[in-house]
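Engineer: Structure in structure tokens, see below.
Throughout, read-outs are computed from the coordinates displayed, never taken from laboratory work. Note that the structure is predicted; figures quoted are calculated from it, not measured. Here the Cβ is made from the backbone with ideal geometry for all residues, glycine too, and neighbour counts use every protein chain on show.
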Amino acid sequence: MSMSTPPGWYADQGVPGTERWWDGNAWTAHTRPLGGAVPPGPYQQSPSYQQGYQQPYQQPQSAPGGPSGRRGRVIAATVAGLVLVVAIAGGVTLLGDDGPKTVPRSAPTISEPAPGPSDDSAEPSADPTVLVDQLNGITLPIPDGWEKSDSVVDRSITMTTVEDYECPGHSSRFCHQGRVMSFTATQTDAATPEALAKEDIQDASDALYDEDSIGTNLYGGVTSHTVVKSAATTVAGRTGYLVRWKVKTGSGPGGYVQSLAFPSTIGAESLIIVRFGFDAGPKGPPLSGMDTITQGIRRIGDTTGGGVGSSIGPS
């Protein structure tokens, strides 16, 4: 008649110096130092246990299923290392009968980068009330009813009136009642703002009311012109000069053209041209708007100085 090993504390062959509780059928997860006190549990409530099993049981040599010999050591090692969770960087490793298993951690949450500090040196072109000519270091005020233009014509920074209409000399194209463009004068021998303004006015008249940059006649061509104004002025703290014509066209009401020339406020002070084209007639912008825009031209970053009437001369 074979006997099974009774419940009790037995030396854990897999962990020297440790005893593990055998429940009569299998090893449990309860351990204690070798020779330590019995922890609280159901077995403490049994007087027979305390009387008969206070000392470690003499392990039989061949208890089927019990903790004996090589088989006992295998069972002990299996119970002791069945589930060992080790936290490691990048995952959790589980050690069991079939070797290590790595259970990946959930993916870390990646936060969006915090917005950086604002760049005060950025171009102030986001302001809808200002047209910025970064190359020449100036800003032009955008009047009510005007907007920045996405198109760049003849290397210029441009603004136009918001409303447009069918061009009188070309019904499949659309024109604006007002246009203003700023650019650096490059193809010229003029040495002064006055010489440049008087030279450019004819080109301005042709570009704005005769033929556009691709040779399309939008107003029936310029038939004649009258000089309305020719005078020195001060722009952004620099001495400049303007010439203004009234032009008649083959179609439509004609318009007013102005060439304003002055030295740049930066670099080698190259000469700048600002061209104006205002339609004549009741739908065109008020002619006084040319003076308002001229007086409002500023150096980038300057919100107070310069303008017509300033006593500041060229540096």
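Engineer: Skipping prolines and chain starts, which residues have an amide H placed within reach, meaning under 5 Å, of the one on I138, given they are 5 or more residues away or on another chain?
Structural biologist: D133, I300
Engineer: Please arrange E19, E211, E163 by counting, for each residue, the other beta carbons lying within 10 Å of its beta carbon, fewest first.
Structural biologist: E163, E211, E19
Engineer: May I ask you to compute the full-extension gain from S288 to A26, defined as 0.36 nm times their residue separation minus their alpha-carbon distance, rounded to one decimal in nm? Kindly include the intermediate steps, with their values, before the conclusion.
Structural biologist: Numbers: separation 262, 0.36 × 262 = 94.32 nm, distance 10.36 nm.
Here the answer is 84.0 nm.
Engineer: Assuming a ≥ b ≥ c are the square roots of the Cα gyration tensor eigenvalues, decide whether segment 119-275 counts as rounded (a/c under 1.5), prolate (otherwise, with a/b larger than b/c) or oblate.
Structural biologist: Oblate, because a/c is 1.5 or more while a/b does not exceed b/c.
Engineer: Taking θ as phi - 60°, what are the ³J(HN,Hα) couplings along segment 260-274 by the Karplus curve (6.51, -1.76, 1.60), each to the nearest whole Hz, with x for Gly and Pro?
Structural biologist: 10, 10, 6, x, 5, 8, 10, x, 8, 6, 4, 6, 10, 10, 10
Engineer: Another one. Search the structure for amide H atoms under 5 Å from the amide H of Q177, placed 1.01 Å from N in the peptide plane, and list their residues when 5 or more places away or on another chain.
Structural biologist: Under 5 Å from the amide H of Q177: T161.
Engineer: Please give the net charge around R238, taking every other residue with its beta carbon less than 11 angstrom from that of R238, where Lys and Arg add +1 and Asp and Glu add -1.
Structural biologist: Value of the local net charge: 0.
Engineer: Okay, next question. Return, ordered by residue number, the residues of segment 200-220 whose backbone nitrogen is under 14 Å from a label point located 7 Å along Cα→Cβ of H170.
Structural biologist: The answer is 206-220.
Engineer: Which cross-chain or sequence-distant (5 or more) residues have an amide H under 5 Å from the amide H of T18, H modelled 1.01 Å from N in plane?
Structural biologist: For T18, the qualifying residues are D12, L34.
Engineer: Along segment 226-232, what does the Karplus equation 6.51 cos²θ - 1.76 cosθ + 1.60 (θ = phi - 60°) give for ³J(HN,Hα), rounded to whole Hz, x for Gly and Pro?
Structural biologist: Values, residue by residue: 10, 6, 9, 7, 8, 7, 6 Hz.
Engineer: How do S172, S149 line up, fewest other C-beta atoms within 10 Å first?
Structural biologist: S172, S149
Engineer: Which FRET efficiency value, to the nearest 0.05, is calculated for A231 and D144 with the Förster distance at 22 angstrom and r the Cβ-Cβ distance?
Structural biologist: Once the sixth-power term is evaluated, E becomes 0.25.
Engineer: Would you work out the relative contact order for segment 125-299, in percent, from Cα pairs under 8 angstrom that are 6 or more residues apart?
Structural biologist: 22
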